[in-house]
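The values are calculated or read from the model by the stated rules, or taken from the named source; none is laboratory data. Because the structure is a prediction, the values reported are computed rather than measured. In this analysis, Cβ positions are derived from the backbone assuming ideal geometry, glycine residues included, and neighbour counts consider all displayed protein chains.
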């Protein structure tokens, strides 16, 4: 493993790179100069109903813009920016073909100084966004320079695929164990329709995997280390032969390389494919290890920011949040009851919690490209750098995430107060933790809460903690009622609680206790006598209500 040479690594964030790897398959250049577009700082999805948060030099996806007029208006009103390398405006707009082929649209793009790209028919925006974010990912957090493996940027599977394709003179895909496409080379238009469909869907279609299984291809591929020749069924969509080889790290199967070849490989190219499999294994391992390292490093940076202190400023800068305020969201999935006595169940739930945190990170990054997340203990914290109605937007973002992941893990989200700058994020995190604690201890169907909405409940939990720390016990009127109930089984405390919860409504309180109203009135008189308390005095009632709430334990509702 070596650092990049003096010549420098292949650019990872340029429009030319995007067209080189995704052109002819997903994207076509309609107009504009890719070389003059400069670096791309992120991917933003256009929403006609929401003002976009545009990072510097963002690539805009014009989802839902289907007409030439709509594309022109988008160019003129929403993504227009200073042309040239030094500008902050978007370098390019992607629109669905054929709306962007109109002369008026190309003229508007030229005036805006924006390159215009067309998304191929049949390709989905979700696929394009995922691949763009992969291609345009910024350097590893805190890394001082890119690493290379075999002269190729470490973990850059698209560059590896192109290198293998050049060696074999054939279009190549790199796939995982589930036949999902991890990367693909150029020249895919030279293959048959089945390959194009595979690349567009980022997954080998099921009908083709069934054919390969029936032919014993996977069995031969995964049991040996030799290339496997695949003869197609000679249909219109699948007629070019394939050659495939497994990618392994020791005994662990990582994936496979597939090349669409019209003639069998000679000995030299067969050896090249062998060598390529070893190189791909290194890149896959580096990518996996790098993801784990980056995840841990990012969690450390997020933890430093949320703790506050002198190191928080540096951590904010490394996360790209030095000039941002925002709001903190805290997500957790409580352990199921059966996890307490089973190590296996606890470990499985911990893995599911990590996957939930990864999904949370992806969800927040789709909302704002500068969002930062980290799993700290059993809580995944997200910093959403939005201003204005930050808390309301955080509620929408959190609610949308909970609706998508479903109820299986019963995740909970607490939301802190808005921080005007990065230095106040520690206080926002404190609020998110307190809101999350209310949800954890309160039970019930509620799964998301802002600290502003549960502030009183959080204060009661704090007061219960203080009372427990000092060893305080019930005193005065409530203590006398508790002692009387223990000696006579009289249910006077329950009677008092029902009456207070019903705001003095005797019929409602009696119904809650399942007793006759006259019986309840008699018990209420006994409450006043035994407690030696004036129940007509609001101060006495408040003191009794507070004591009853603390007596029940944190988070439980009175009644």
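Details
- Residues that are surrounded by 18 or more Cβ atoms within 10 Å (Cβ to Cβ) and in a loop (DSSP other than H, G, I, E, B) within the range 385-401 comprise 385, 386, listed in sequence order.
- Among the residues listed as 316, 321, 301, the single one being touching a helix residue (DSSP H, G or I) at 6+ places or on another chain (Cβ under 6 Å), in a helix (DSSP H, G or I), surrounded by 13 or more Cβ atoms within 10 Å (Cβ to Cβ) and in the same structural domain as residue 434 (by TED's automatic domain parsing): 316
- Checking 467, 474, 512 one by one, the residue that is outside any helix (DSSP H, G or I), in contact (Cβ under 8 Å) with a residue 40 or more places away in the chain and over 30 Å from residue 395 (Cα atoms) is 474 and no other.
- Looking across 432, 449, 424, one residue alone is outside any helix (DSSP H, G or I), surrounded by 15 or more Cβ atoms within 10 Å (Cβ to Cβ) and either on the phi < 0 side of the Ramachandran plot or without any contact (Cβ under 8 Å) to a residue 60 or more places away in the chain (or both). It is 449.
- If you check 33, 6 for being modelled with pLDDT of 75 or more, in a loop (DSSP other than H, G, I, E, B) and over 24 Å from residue 157 (Cβ atoms), only one passes: 33.
- Breaking point among (1) under 30 Å from residue 422 (Cβ atoms); (2) at pLDDT 85 or above, for residue 297: (2)
- Residue check for residue 142: modelled with pLDDT under 65 and either buried (at least 16 other Cβ atoms within 10 Å of the Cβ) or in contact with a strand residue (DSSP E or B) (Cβ under 8 Å, 6 or more places away or on another chain) (or both): no
- Qualifying residue in the range 151-163 (condition: at pLDDT 75 or above, within 26 Å of residue 60 (Cβ to Cβ), surrounded by fewer than 14 Cβ atoms within 10 Å (Cβ to Cβ) and touching a helix residue (DSSP H, G or I) at 6+ places or on another chain (Cβ under 9 Å)): no
- Test: residue in the range 402-415 that is over 20 Å from residue 439 (Cβ atoms) and either surrounded by fewer than 21 Cβ atoms within 10 Å (Cβ to Cβ) or more than 12 Å from the chain's Cα centre (by Cα) (or both): no
- In the range 483-508, the residues that are without any contact (Cβ under 8 Å) to a residue 12 or more places away in the chain and either assigned by TED's automatic domain parsing to the domain that holds residue 431 or assigned to a helix (DSSP H, G or I) (or both): 483, 485, 486, 487, 488, 507, 508
- Taking the range 21-30 as the range and being modelled with pLDDT of 75 or more, more than 10 Å from residue 115 (Cβ to Cβ) and either surrounded by fewer than 19 Cβ atoms within 10 Å (Cβ to Cβ) or out of contact with any helix residue (DSSP H, G or I) (no Cβ under 9 Å at 6 or more places or on another chain) (or both) as the test, only 28 passes.
- Only one entry in 454, 493 is under 49 Å from the mean Cα position of the chain (by Cα), closer than 30 Å to residue 433 by Cβ and surrounded by 18 or more Cβ atoms within 10 Å (Cβ to Cβ), namely 454.
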